[in-house]
Structure formats: structure tokens, C-alpha cells
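Derivation of every value follows stated rules applied to the coordinates shown; laboratory data play no part. Everything quoted here is computed from the prediction, not taken from an experiment. As a convention, Cβ positions derive from the backbone with ideal geometry for all residues, glycine included, and neighbour counts pool all protein chains shown.
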Amino acid sequence: APEAKGAALCPDERASGRSSAKAAGWLAPAAPALTLAAADEMASAAIREAEERGFFDISVTVIDASGRVLVAKTMTGCPSLPPRIALAKAMACLSTHAPSSRALRDKYLPDRAPQLLAMTVIGAESQLPLSAVPGGLLLRDASTNIVGAVGVSGASADEDEECAIAAARAVGLSTNPPGWSV
């Protein structure tokens, strides 16, 4: 019997005393996932936007819903700090489910600055950098499932955000879910 071998039975199996290959009671349905091709297209679209608009050179980081970096691209004239800031902007959105790093900033500043500072310090200590500066966007599919985040840094904060929006639009992802309030 599976129980004798240490295998856990789902509630339905316990009630019937049988083990099923399905084990549906223990498995979560798979969430939509951002593909490497989509992440690459997003990063390229953000860079195209910066080039076409004459912005300073930028760095773009696209992460999946688990926070794993799928694609990071940096224009050759971009300094060395913006790639780290781009990741921090994307991570700020993903780890707080804020629709944008701008929205996160606006939610906490100026009245709740100590709380935002504490979140930033805890994030840094946990290897999850956070930057509440415009240029990061949470990415959702048409059903509002979170599929990842994009962060852009190197130009002005507003220009970074415009490049991030171009990235999301390039693959048809939503960046403005209903229900978020600042």
C-alpha cells in the first residue's frame, strides 16, 4: 500500500482507501508562465523604445512569476548600476504585487517612508532587491494572472517607465490590473 511506503494520500484517496495516479487533491493547477521568447521580445522592445525616443542607454530585466531572471539586456553605453536597479524595480513589483514601482512609491511616500525603508532593507538582506522608483511593471495575462515583471533603468524614471510599458505591450500583457489602490 502507498501509505506503508510513506506516500501521502490526498483526502479523496484517504476516504476511499485507494491511491490514484491523478492525486488531484494535492496538486495545484499550473499557472500561465512567461516564455523565454516573450521575455526576450520584451527586453528588445524596451531597448528599441529607448533608441527611437533618444533616451539615455538603458538596462532591462524581465523576471518570471517566481522571481527568476529570464532575460537581462543592457545597452553598451549604460553605466554599471542601472542593471541592478532594473532588477530591483521588477522585484519590487513582483514581491509586493504592486502594479508598478511608481505605484509602490506613491503608496508609501511620504507618509509611510519608514515602512518602505524597512521593506527595502529586508529585501536586500533576503537577496530580493527593491526599488520604488518608476520603471518597474507587474505583468499580467488577459485573465489577470501574474506572469512576471519587467524593470528598466538608465534613462529618467519616467522614460524608464515608458520603455517598460512598450515592453509589456510588445507581447500583449496587461500592466494595470483593477483593484489596486494607492
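Is it true that V147 is surrounded by 18 or more Cβ atoms within 10 Å (Cβ to Cβ), touching a Pro at 6+ places or on another chain (Cβ under 8 Å) and under 15 Å from E41 (Cβ atoms)? When the stated conditions are applied, V147 passes them. In region 80-137, counting only helices (runs of 4 or more DSSP H) that sit wholly within it, the ones holding 1 or more residues that are surrounded by fewer than 23 Cβ atoms within 10 Å (Cβ to Cβ), touching a strand residue (DSSP E or B) at 6+ places or on another chain (Cβ under 6 Å) and in contact (Cβ under 8 Å) with a residue 40 or more places away in the chain span 82-96.
Does A65 qualify as being over 16 Å from A164 (Cβ atoms), crowded, with 16+ Cβ neighbours inside 10 Å, touching a strand residue (DSSP E or B) at 6+ places or on another chain (Cβ under 9 Å) and of a type outside the set (V, I, T)? So A65 passes the test.
Looking only at region 138-163, residues that are under 10 Å from T175 (Cα atoms) and of a type in the set (S, T, N, Q) come to 1 in all. Taking first residues from region 59-71 that are closer than 18 Å to A30 by Cβ and partners that are surrounded by 24 or more Cβ atoms within 10 Å (Cβ to Cβ) and among the small types (G, A, S), the Cβ contacts under 6 Å between residues at least 6 apart in sequence or on separate chains come to D64/G148; A65/G148; L70/A39.
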